[in-house]
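Have a look at the structure below, then the notes.
The values are calculated or read from the model by the stated rules, or taken from the named source; none is laboratory data. Note that the coordinates shown come from a computational prediction; the quantities given were computed from them, not determined experimentally. Methodologically, a virtual Cβ is constructed for each residue, glycine included, from the backbone with ideal geometry; neighbour enumeration extends over all protein chains shown. Note: areas computed on protein heavy atoms with side chains; ligands, DNA, RNA excluded. Shrake-Rupley method; radii C 1.70, N 1.55, O 1.52, S 1.80 Å.
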Amino acid sequence: MRTTLIRHIKYSRPLIIAGPCSIESRNQFFSTVEALQKIPHIHAIRAGVWKPRTQPDCFEGLGQEALSWFKEIKSKYSLPIITEVADESQVMAALKSEVDGFWIGARSSVNPFLLDSLFNIIARYNPQIPVFIKNPLAPDLKLWIGAVLRAKKAKLENLVLIHRGFAAYPSYANLRSEPQWDLALKMRQQYPELPMLIDPSHMAGSREMILPLSLCAKHYQMDGIFVESHIAPEKALTDREQQLSPKALADVLEQYFQTDEAGEDFSVLADYRSLIDVLDQRLLQVLSERMQVVEKIALIKHRQGISLHQESRFKQMLQQWQGNMDKYSLKEEFLQSLFELIHRESLSRQEAKIINIKD
Ligand code: PEP
Ligand code: MN
């Protein structure tokens, strides 16, 4: 089954991998895979055995018990299975259970020592085993590239990238993780030979956004989708909001395969609009922080008897703003008007602050 997975990685487009966030019970695992296996587009199963949870005392996966069902699932449904590993003992245990590939999660792909130990042990066993590398949570491509360099150094032969979105603060309007497609596209330019899947589940954090994000992935010519599906998502022990039932996934995939360019454009438009919403939020946050600093300055000016408006400082700041016009590709007149507006508001905040002291 490993060679089937390797063949799919090389030749099946779009490559579709689906399965539960976590294996929770024998019944949940078997019934989910039974239903997924009927969807013609699915090439492999993803299934979490050890779950990295943000907070302790949550369900952390069934571990060895879940692995004990792998061989039976594979022979019954003829689909390769991949799972997440985050230490050497997990690699060894999964190999014993005939796992077909591994994924490295977003919390591990940032850790150099861990990556070296995982990649080396996998390569020692069999360098051909597919390894899927998720992007680290921080939006810094050097980290993701570093993970790939380490995998290549260990001489792993079948690597796949998974774009699962990046952590963002303040959080992205209607998504759990920020897609930052430009970063994903830069990564593709860096490694054009590596397939890149998107993980709309962890990007979305909700069922509703899986289709629009999958269509964006199609628009950006990604190589496929890595998506979560659970037989009864409303009862899932992990990532409940974002898992699709196999039936809902079949509908999403049907639309994904059918949608024409106009449909993709519509999804990308919605995606850009939520990006604008986030950028606007950040703009407001920065303005609010600026006003707080301005008020602190008002108190110092008041204590020192310095006048609130100082022409030389005003001119220096305006020049600084306009000096940035090329760097940020913004027009000189626009920068001037914006700066004057902000400066006027700042002065009026300072005046108000000082009047309040006097009161
Ligand atoms: C997962 O795929 O179940 C998972 C934990 O993803 P990530 O590492 O991207 O958060
Ligand atoms: Mn998950």
Please turn the phi angles of region 325-334 into ³J(HN,Hα) values with the Karplus equation 6.51 cos²θ - 1.76 cosθ + 1.60 (θ = phi - 60°), one per residue in order, whole Hz, x for glycine and proline. 4, 6, 3, 9, 6, 10, 6, 4, 5, 4
Given pairs Lys10/Lys74; Lys134/Lys155; Lys153/Lys218 and cut-off 26 Å on Cα-Cα distance, the over-length ones are Lys153/Lys218
Through the Karplus equation 6.51 cos²θ - 1.76 cosθ + 1.60, θ set to phi - 60°, convert the phi angles of region 273-278 into ³J(HN,Hα) values in whole Hz; use x for Gly and Pro. 5, 5, 5, 4, 4, 5
Considering the dipole of region 1-72 built from charges on the beta carbon (Lys and Arg +1, Asp and Glu -1) around the Cα centre, which of Ile39, Ala66, Gly19 is farthest to its positive end? Ile39
Built amide H within the under 5 Å cut-off of Trp103, gap 5+: Thr83, Glu84, Val85, Phe132
In Å, the Kirkwood estimate of hydrodynamic radius for the chain over Cα pairs equals 22.9
Could you state the number of Å between the C-alpha centres of region 123-201 and region 8-30? 18
Averaged per residue, the 1.4 Å probe accessible area of the chain, protein heavy atoms only, in Å², is roughly 50
Considering only the chain, percent of DSSP beta bridges that pair antiparallel, nearest 5: 5
Measure off, as a whole percent, the carbon and sulfur share of the 1.4 Å-probe accessible area of region 226-267, all protein chains present. 52
Give me the mean projected area, in nm² to one decimal, of the convex hull enclosing the Cα positions of region 209-359. 15.4
Which order, highest average first, do 132-141, 307-316 follow once you tally other Cβ atoms within 10 Å for each residue and take the mean per peptide? 132-141, 307-316
For region 1-150, divide the Cα radius of gyration by the Kirkwood radius and give the resulting Rg/Rh value with two decimals. 0.95
Quick one: 3J(HN,Hα) in Hz for region 24-35, Karplus 6.51/-1.76/1.60 with θ = phi - 60°, rounded, Gly and Pro as x. 10, 6, 4, 5, 4, 5, 5, 5, 5, 5, 4, 6
Sorted by mean Cβ packing within 10 Å, highest first, what order do the peptides 338-348, 179-189 take? 179-189, 338-348
Report, in debye and to the nearest 20, how large the dipole of the chain comes out about its Cα centre when Lys and Arg carry +1 and Asp and Glu carry -1 on their Cβ. 920
